[in-house]
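Student: After the structure tokens below, expect a handful of questions from me.
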Amino acid sequence: QLAVEYGGRLKIAKVELDKNQKTALAYGVRSAPTMILFKDGKVQATQMGLVSKSQLVKVIDAAL
């Protein structure tokens, strides 16, 4: 839903933690769900835990 709403301004990818443990460890992911926003290959924001869509929008907008 957010990918559609942001219309090409961001890409959303899902990473399965069990199959990508090295990646999770590299970015300090301790629990799911975790959202990490990257810009130009660098982490801009991280949101851990289940949050509302409006909270996700705030994090995304601040990072864009």
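The values are calculated or read from the model by the stated rules, or taken from the named source; none is laboratory data. It should be emphasised that the depicted structure is a prediction, and the values quoted were computed from it without experimental measurement. Cβ placement follows ideal geometry from the backbone for every residue including glycine, while neighbour counts extend to all protein chains displayed. Accessible surface is based on the protein model in full, side chains and every heavy atom, while ligands, DNA and RNA are left aside. Shrake-Rupley method; radii C 1.70, N 1.55, O 1.52, S 1.80 Å.
Student: Can we say A45 is surrounded by 10 or more Cβ atoms within 10 Å (Cβ to Cβ) and modelled with pLDDT under 90?
Tutor: When the stated conditions are applied, A45 does not pass them.
Student: Out of (1) closer than 17 Å to D61 by Cα; (2) exposed (fewer than 10 other Cβ atoms within 10 Å of the Cβ), the odd one out for K19 is which?
Tutor: Among (1) closer than 17 Å to D61 by Cα; (2) exposed (fewer than 10 other Cβ atoms within 10 Å of the Cβ), the lone unmet condition for K19 is (1).
Student: A follow-up question, please. For the structure I just gave you, tell me whether T34 is over 12 Å from the mean Cα position of the chain (by Cα) and either open to solvent by less than 80 Å² (accessible area, probe 1.4 Å) or not charged (D, E, K, R) (or both).
Tutor: Here the answer is no, as T34 does not meet what is asked.
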